[in-house]
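Working notes, structure below.
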Amino acid sequence: MKIEHEALTAAEAKMDKTIANLKRELGTIRAGRANAQLLETVMVDYYGKMTPVNQVGNVAIPEPRLLTISLWDPSMLKAVEKAIQKSDLGINPTNDGKMIRLAFPEITGEKRKELVKIAKKRAEEAKVAVRSARREANEVLKKEKKVSAITEDDYDIVEKEVQDLTDKMIKKIDEISQAKEKEITEI
């Protein structure tokens, strides 16, 4: 029997946000191949508003290790180039007056190990956030049980549902993390 409870709903929303955030964070870890997501964290002043580089032009991946940016406003070429150079991508952009090219170098074995460690750390942080959401939901349930706002049977059912949801999310985090590790270690 499944019981709808606001503590369970709130926990699920927090856990879903955590998963989405993890996917976004892992997407910014470059694995030796071009990935448009890498540009989400690179910001450029676009007419007075800080905007991600991937939103000021068309981003294309013509080759596995090459990313091109065709800007909608060619006058932004220098600003975008500077923003990429200042970023932590570690890539030098080149331009031909019309588009910016980002060539991704081959990653060394040592750097791959470092990137795997970073990915694992981010996955572990996501697991901590999921467990924190579980703890918050359980605290709400305990308070309600204490003031008799929820029956003992309903408490047990919802508590089990919260645990099942937590287990499901932890498994999902592991799957996402393993996929990223495979992508990083792949040559």
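The values are calculated or read from the model by the stated rules, or taken from the named source; none is laboratory data. These numbers come from a predicted model, not from an experiment. For neighbour counting, all protein chains shown are included, and Cβ atoms are generated from backbone atoms with ideal geometry for every residue, glycine included. Side chains included, ligands, DNA and RNA excluded: accessible areas come from the protein's heavy atoms. Shrake-Rupley method; radii C 1.70, N 1.55, O 1.52, S 1.80 Å.
What pairs can you find where one residue is in region 146-160 and under 16 Å from Glu136 (Cα atoms) and in contact (Cβ under 8 Å) with a residue 40 or more places away in the chain, the other is open to solvent by less than 60 Å² (accessible area, probe 1.4 Å) and of a type in the set (A, V, I, L, M), and their Cβ atoms are less than 9 Å apart, with a gap of 6+ or different chains?
Hits for this filter: Val158/Ile3; Val158/Ala7; Val158/Leu8; Val158/Ala137; Val158/Leu141; Val158/Ile150.
Looking at region 102-131 only, could you name the residues that are basic (Lys, Arg) and modelled with pLDDT of 90 or more? So that I can check it myself, show each step before the final result.
So the first thing to find is which residues in region 102-131 are basic (Lys, Arg), and the list is 111-113, 117, 120-122, 127, 131.
Result: Lys117, Lys120, Lys121, Arg122, Lys127, Arg131.
Only one residue in Lys182, Lys142 is open to solvent by 60 Å² or more (accessible area, probe 1.4 Å) and within 30 Å of Asn35 (Cβ to Cβ). Which one?
Working: Lys142 fails: within 30 Å of Asn35 (Cβ to Cβ).
The conditions single out Lys182.
All but one of (1) open to solvent by 80 Å² or more (accessible area, probe 1.4 Å); (2) hydrophobic (A, V, I, L, M, F, W, C); (3) within 28 Å of the chain's Cα centre (by Cα) hold for Val147, so report the exception by its number.
It fails just one condition, (3).
Identify the residue in region 29-53 that is open to solvent by 40 Å² or more (accessible area, probe 1.4 Å) and under 30 Å from Lys113 (Cβ atoms) and, among all such residues, is modelled with the highest pLDDT.
The first filter runs over region 29-53 and keeps only residues open to solvent by 40 Å² or more (accessible area, probe 1.4 Å), leaving 30, 33, 37, 40-41, 43, 45-50.
Filter once more, so that each one left must be under 30 Å from Lys113 (Cβ atoms): 30, 33, 37, 40-41, 43.
Working: Arg30: 68, Arg33: 70, Gln37: 76, Glu40: 80, Thr41: 80, Met43: 87.
If we take residues in region 29-53 being open to solvent by 40 Å² or more (accessible area, probe 1.4 Å) and under 30 Å from Lys113 (Cβ atoms), then Met43 is modelled with the highest pLDDT.
For region 15-23, does any single residue satisfy the condition of being in contact with a helix residue (DSSP H, G or I) (Cβ under 9 Å, 6 or more places away or on another chain), open to solvent by less than 20 Å² (accessible area, probe 1.4 Å), at pLDDT below 85 and of a type outside the set (Asp, Glu)? Even if it seems obvious, please write down each step before you answer.
As a first pass, look at region 15-23 and keep what is in contact with a helix residue (DSSP H, G or I) (Cβ under 9 Å, 6 or more places away or on another chain): 15-19, 21-23.
Then keep just the ones that are open to solvent by less than 20 Å² (accessible area, probe 1.4 Å); that gives 15, 19, 22.
Cutting the leftovers down to at pLDDT below 85 gives us none.
No; the residues of region 15-23 include none that is in contact with a helix residue (DSSP H, G or I) (Cβ under 9 Å, 6 or more places away or on another chain), open to solvent by less than 20 Å² (accessible area, probe 1.4 Å), at pLDDT below 85 and of a type outside the set (Asp, Glu).
Using beta carbons and a limit of 7 Å, which pairs, at least six apart or on different chains, have the first residue in region 1-27 and of a type in the set (S, T, N, Q) and the second one assigned to a helix (DSSP H, G or I)?
Thr18/Ala126; Thr18/Ala129; Thr18/Val130
Determine whether Glu136 is in a helix (DSSP H, G or I), surrounded by fewer than 17 Cβ atoms within 10 Å (Cβ to Cβ), of a type in the set (Asp, Glu) and at pLDDT below 90.
No; evaluated as a whole, the condition is false for this residue.
When you look at Thr18, is it part of a helix (DSSP H, G or I) and either of a type outside the set (Gly, Ala, Ser) or touching a Gly at 6+ places or on another chain (Cβ under 9 Å) (or both), yes or no?
Numbers: part of a helix (DSSP H, G or I): yes; either of a type outside the set (Gly, Ala, Ser) or touching a Gly at 6+ places or on another chain (Cβ under 9 Å) (or both): yes.
Here the answer is yes, as Thr18 does meet what is asked.
Going through region 72-110 one residue at a time, which ones are open to solvent by 20 Å² or more (accessible area, probe 1.4 Å), in contact (Cβ under 8 Å) with a residue 24 or more places away in the chain and touching a Lys or Arg at 6+ places or on another chain (Cβ under 7 Å)?
Pro74, Ala103
Answer yes or no as to whether Glu125 is open to solvent by less than 60 Å² (accessible area, probe 1.4 Å), over 20 Å from Asn35 (Cβ atoms) and within 28 Å of the chain's Cα centre (by Cα).
On the way: open to solvent by less than 60 Å² (accessible area, probe 1.4 Å): no; over 20 Å from Asn35 (Cβ atoms): yes; within 28 Å of the chain's Cα centre (by Cα): yes.
It is false that Glu125 is open to solvent by less than 60 Å² (accessible area, probe 1.4 Å), over 20 Å from Asn35 (Cβ atoms) and within 28 Å of the chain's Cα centre (by Cα).
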